[in-house]
Amino acid sequence: MSCNKEYLNQFINQFSYNKKEKEVKFLEELSKPQIIELDMRRMAKANLWATLLLTILFIILNSIIHQRFSLSITFWSFLLFCVGYVVLIILHELFHLIGFVLFGRVKIKELDYGVNLKLGVAYATTTKPLKNSVMRIALMLPFWTTGVLPSIIGFALDSYLIVILGAFLIAGAVGDFFMYKELKKHPNDCLIIDDPELPKLYIYPAK
């Protein structure tokens, strides 16, 4: 009986040691997250090429759909395009925040939004760690709402203005696509923290 009790104590001690060792290992992993960071020069180049190619492609496609092969640009149409572009960029970032709130249950006080003048980009972020699956949804939401949807409306209305705006916003999501592709390499339940100042994500393992 005493032998069995001694064996049981050894088993319990070994179990506790293994459990503690796993917790220590987990904490060590937390202190060294994997990082996904955008190369802004590379993204700017990719964005430029995507914008040019998609704009040309969408203009040709709209011309074929509606059999209209003339495109006129006036001062007012150019001004309207600039205003529309700024509005859609703002909406692009707002839809990131909406994704955080709807799918990540993030509180309003945990959201941040603004412009990084040094990098020349708008940003939308949250201080709350999100699951990988939620972060991917929040990343791609603006692509559909401010890029794909306006493009479809532009094709339906035979509006070169809206079609080109859609092309610009789809191309503008190139950074989101890069982040999404990198996040797909990691488990859905790992935790993602968005850097508040830089285009960088920190990936922590799920406990």
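FYI, it's all coordinate maths here, none of it is from the lab. Please read these numbers as outputs of a predicted model, since none were measured by experiment. Reconstructed Cβ throughout: ideal geometry from the backbone, glycine too, with neighbour counts over all protein chains shown.
Identification of strands (runs of 3 or more DSSP E) wholly contained in region 119-207 with 1 or more residues that are crowded, with 21+ Cβ neighbours inside 10 Å, among the polar types (S, T, N, Q) and in contact with a Gly (Cβ under 8 Å, 6 or more places away or on another chain) yields 121-126. Taking Gly166 as the residue in question, decide whether it is closer than 22 Å to Glu37 by Cβ and in contact (Cβ under 8 Å) with a residue 60 or more places away in the chain. When the stated conditions are applied, Gly166 does not pass them. Evaluate the following for His96: is it within 25 Å of Leu53 (Cα to Cα), within 15 Å of the chain's Cα centre (by Cα) and crowded, with 20+ Cβ neighbours inside 10 Å? No, not satisfied.
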